[in-house]
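Peer 1: Below are the structure tokens for one structure; questions will follow.
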Amino acid sequence: MMTDPVADLLTHLRNANAVGKKSITMPASKFKVAILQILQEEGFIQSFSVEPGTPRSALKVELRYGPDGESVIRSIQRVSKPGCRVYAKADKLPQVLRGLGIYVLSTPRGVLSDRGARKLNAGGEILCKVC
């Protein structure tokens, strides 16, 4: 039984990135799809797709690498954990590596990157940090 699906997603990405895999497959959920959509918009992953199946759908994620095979995702860390939630207001969101990385937030307006949250003036729970 999976108790923290966000941590599971991040661990799948971190492990696949460490060994240089091109694509990975994992169980799907709407929340994971929302996080992957942000990572794709920000250029950290190539693409993803939801493959229907029984008893559960699966996510297929295509990872992104540089021209010399270097990883685009250097670090991906869970910030807010089930035992210790971390929240931030829109005007108090810190930058990651002076704008080279992102925070992924769960806000009342949906899952957003820190840039999107600043534009919409929406604070929320900081899910993870990607750089």
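Peer 1: Two-decimal Rg/Rh of the range 4-131 from alpha-carbon positions, Kirkwood Rh?
Peer 2: 0.96
Peer 1: Considering the zone a paramagnetic label at Arg74 would reach in this model (a point 7 Å from Cα along the Cα-to-Cβ line), which residues of the range 96-131 have amide N under 17 Å from it?
Peer 2: So the set is 96-103, 129-131.
Peer 1: Quick one: angle between helix 30-41 and the longest Cα principal axis of the chain, in degrees between 0 and 90, rounded to 10, please.
Peer 2: 80
Peer 1: Shifting gears a bit: Compute the length gained on full extension between Arg14 and Arg56: take 0.36 nm times their separation in residues and subtract their Cα-Cα distance, giving the result in nm to one decimal.
Peer 2: Computed gain between Arg14 and Arg56 is 12.8 nm.
Peer 1: Now, a different point. Expressed as a whole percentage, what fraction of the accessible surface of the range 57-131 belongs to carbon and sulfur atoms when a 1.4 Å probe is rolled over the protein heavy atoms?
Peer 2: Carbon and sulfur: 48 percent of the exposed surface of the range 57-131.
Peer 1: Residue by residue, what Karplus-based ³J(HN,Hα) values in Hz, rounded to whole numbers, does the range 95-111 have, using 6.51, -1.76 and 1.60 with θ = phi - 60° and x for Gly and Pro?
Peer 2: 8, 9, 6, 6, x, 7, x, 9, 9, 9, 10, 9, 10, x, 9, x, 7
Peer 1: Residue by residue, what Karplus-based ³J(HN,Hα) values in Hz, rounded to whole numbers, does the range 120-130 have, using 6.51, -1.76 and 1.60 with θ = phi - 60° and x for Gly and Pro?
Peer 2: Each residue's phi maps through the Karplus curve to give 8, 6, 10, x, x, 7, 7, 7, 8, 10, 10 Hz.
Peer 1: Report, in listed order, any pair from Lys22/Lys119; Lys60/Lys92; Lys81/Lys129; Lys30/Lys81; Lys60/Lys129; Lys60/Lys119 with a Cα-Cα distance greater than 24 Å.
Peer 2: Values: Lys22/Lys119 33 Å; Lys60/Lys92 34 Å; Lys81/Lys129 12 Å; Lys30/Lys81 19 Å; Lys60/Lys129 21 Å; Lys60/Lys119 30 Å.
Lys22/Lys119; Lys60/Lys92; Lys60/Lys119, as the Cα separations exceed 24 Å there.
Peer 1: Could you give the nm distance between label points at Val86 and Gln46, where each point is 7 Å from its Cα heading toward the beta carbon?
Peer 2: 3.1
Peer 1: Also: As a check on your grasp of the helix formula, calculate [θ] at 222 nm for the chain: sum -39500 (n - 2.57) over DSSP H runs of n ≥ 4, divide by the residue count, round to the nearest 500.
Peer 2: Result for the chain: -8000 deg cm²/dmol, rounded to the nearest 500.
Peer 1: When the chain is modelled as a GNM with alpha-carbon springs shorter than 10 Å, which of Asp91, Asp68, Asp114 fluctuates the most?
Peer 2: Per the Cα network of the chain with a 10 Å cutoff, Asp68 tops the list.
Peer 1: Would you mind checking the tilt of helix 5-19 against the longest principal axis of the Cα atoms of the chain, expressed as 0 to 90 degrees and rounded to 10?
Peer 2: 60
Peer 1: Separate question: Taking 8 Å as the Cα distance limit and 6 or more residues as the minimum spacing, I'd like the relative contact order of the range 4-131 as a percentage.
Peer 2: Across the range 4-131, relative contact order equals 23 percent.
The values are calculated or read from the model by the stated rules, or taken from the named source; none is laboratory data. Since we're looking at a predicted model, the values are computed, not measured. Here Cβ is always computed from backbone atoms with ideal geometry, including for glycine, and neighbour counts include all displayed protein chains. Note: areas computed on protein heavy atoms with side chains; ligands, DNA, RNA excluded. Shrake-Rupley method; radii C 1.70, N 1.55, O 1.52, S 1.80 Å.
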